[in-house]
1. Hey, can you tell me all the residues within the range B:32-56 that are among the hydroxyl-bearing types (S, T, Y) and either touching a strand residue (DSSP E or B) at 6+ places or on another chain (Cβ under 8 Å) or under 19 Å from B:E22 (Cα atoms) (or both)?
2. Which of the residues belonging to the range A:1-26 are among the aliphatic types (A, V, I, L, M), part of a helix (DSSP H, G or I) and closer than 27 Å to B:K120 by Cα?
3. Looking at the range B:166-180 only, could you name the residues that are crowded, with 20+ Cβ neighbours inside 10 Å and more than 22 Å from B:E71 (Cβ to Cβ)?
4. Give the residues of the range B:124-140 that are in contact (Cβ under 8 Å) with a residue 60 or more places away in the chain, buried (at least 23 other Cβ atoms within 10 Å of the Cβ) and of a type in the set (D, E, K, R), sorted by residue number.
5. Would you confirm whether any residue within the range B:187-199 is farther than 14 Å from B:I255 by Cα and of a type in the set (S, T, N, Q)?
6. In the range B:184-195, is there at least one residue being surrounded by 22 or more Cβ atoms within 10 Å (Cβ to Cβ), at pLDDT 95 or above, out of contact with any Pro (no Cβ under 8 Å at 6 or more places or on another chain) and in a loop (DSSP other than H, G, I, E, B)?
7. Between a first residue in the range B:21-35 that is more than 21 Å from B:Q101 (Cβ to Cβ) and a second residue that is part of a loop (DSSP other than H, G, I, E, B), which pairs have beta carbons less than 6 Å apart while being 6 or more apart in sequence or on different chains?
8. Whether any residue in the range B:86-105 is within 14 Å of chain A (Cβ to nearest Cβ), surrounded by fewer than 20 Cβ atoms within 10 Å (Cβ to Cβ), more than 21 Å from the chain's Cα centre (by Cα) and not in a strand (DSSP E or B) is what I want to check.
Amino acid sequence: YLYNNRYVGDQVLRIIPSSPGELHYLKQLFQNMTVDLWQPSSSNLIHEGKAVDVHVGRDRTARLKNLLRRAHIQHELLITDVQREMEKQTGYRSNRKRR
Amino acid sequence: SVFQYDYEVYHPLEEIQSWMFEMNRTHPHLVDLFSIGRSYEGRPLYVLQLGNRVRTSKKAVWMDCGVHAREWIGPAFCQWFVKEALNSYQHDSSMRRLLKQLNFYIMPVFNVDGYHYSWKSDRFWRKTRSKKAKYHCRGVDANRNFKVKWCEEGASTHPCDDTYCGPFPESEPEVKAVSRFLRKHKKHMRAYISIHAYAQMLLYPYSYKYGTIPNFDCVETAAQSAVSALYSAYGVRYRYGPASTTLYVSSGSSIDWAYKNGIPYAFAFELRDTGHYGFLLPEALIGPTCTETMRAVRAIASGLLKKC
């Protein structure tokens, strides 16, 4: 499998902070939690009302969602399984190589 | 044997480099391949010059792709642009005119080390692969490393951050090589275009501050024309405007440096999509994305032939 299947279970979430409180919470959260920010590329660039797309490893997805829920911050699931999406991205080539 | 190359799949670095050599070999009257330096890990930094050879000096357009390693649609578009330019030269009079009156310098992969690493190890790597002994993290954000308001707002001083500006401006050999080339050719360079993903935006200076550039009217008109041309393909909407307000404030960016260096039209494209696939844009969407972006880049280039 591509990248030795390391992205199985990883997810990409979209969060839009809608208040200064949520903004501050998210900035603190992403400074203390290992995540891969897709956009913006740094927690310092997070702004109120602008989308934050965050790629989170499978071992952290539950914890992140829990923390967001407790803080009453809505999120949307953009990609449910990064590995599956990755396999789809390179289409026939990865399948052909495996065959 | 006929060289077959699939422009609607993503290619690893080695294949892109082989392709560049093939383009150079098969189109000697229109293509010149050269290296402008070496990356941190010692890889050549290849640039393709496209255009008719003429004795008089021509205006030029620079376009780079793959500044950020994980944005694979970028290098895919640079290859698509070259393919389209060469294939349409004979039967498309407007393309023929562009290649007669302009030189295009195309750098299909700016961040060669990062791109290779994103294929081999970490699909979502962004930065270069440079390393300083005293820090345990690798890489610098090449789009924060240019010598313009370096490491001010919107960049990080921490080596482990994805927006790390580097130990000093132009610390990255890739950034230094491109800067040196553009400085050397600034007299003829009329447009600088950098291809990124994802957000569906067309950005121009300033990135480092909220402010209006002196030639705003001309640049805004060019951006509007580009976005309209793009929309005409499949109805996809791109936002456009100064990078600081349309996206976010960031210092040390290539478009700010290019503009400050005297290139009147400096643009950064953020290609498809807006988050559904993000960096994992399927290969099936390479064709439409590149087709629409081709129209936008052609609109910008055509605009350079008119007075503003």
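1. At the first step, the residues of the range B:32-56 found to be among the hydroxyl-bearing types (S, T, Y) are B:35, B:39-40, B:46, B:56.
Result: B:S35, B:S39, B:Y46.
2. Taking the range A:1-26 first, the residues among the aliphatic types (A, V, I, L, M) are A:2, A:8, A:12-13, A:15-16, A:23, A:26.
After this cut, where a residue has to be part of a helix (DSSP H, G or I) as well, the list is A:2, A:23, A:26.
Result: A:L2, single match.
3. Correct list: B:P169 only.
4. Scanning the range B:124-140 gives no hits.
5. Keep residues of the range B:187-199 that are farther than 14 Å from B:I255 by Cα, which gives B:187-188, B:197-199.
With of a type in the set (S, T, N, Q) added as a condition, the list becomes none.
Taking every residue of the range B:187-199 in turn, none turns out to be farther than 14 Å from B:I255 by Cα and of a type in the set (S, T, N, Q).
6. No; the residues of the range B:184-195 include none that is surrounded by 22 or more Cβ atoms within 10 Å (Cβ to Cβ), at pLDDT 95 or above, out of contact with any Pro (no Cβ under 8 Å at 6 or more places or on another chain) and in a loop (DSSP other than H, G, I, E, B).
7. Partner pairs satisfying both residue conditions: B:E22/B:F3.
8. Taking the range B:86-105 and keeping what is within 14 Å of chain A (Cβ to nearest Cβ), we get none.
Scanning the range B:86-105 turns up no residue that is within 14 Å of chain A (Cβ to nearest Cβ), surrounded by fewer than 20 Cβ atoms within 10 Å (Cβ to Cβ), more than 21 Å from the chain's Cα centre (by Cα) and not in a strand (DSSP E or B).
The values are calculated or read from the model by the stated rules, or taken from the named source; none is laboratory data. Every value quoted in this text rests on a predicted model; they were computed, and no experiment measured them. Virtual Cβ from ideal backbone geometry, glycine too; neighbours counted across all protein chains shown.
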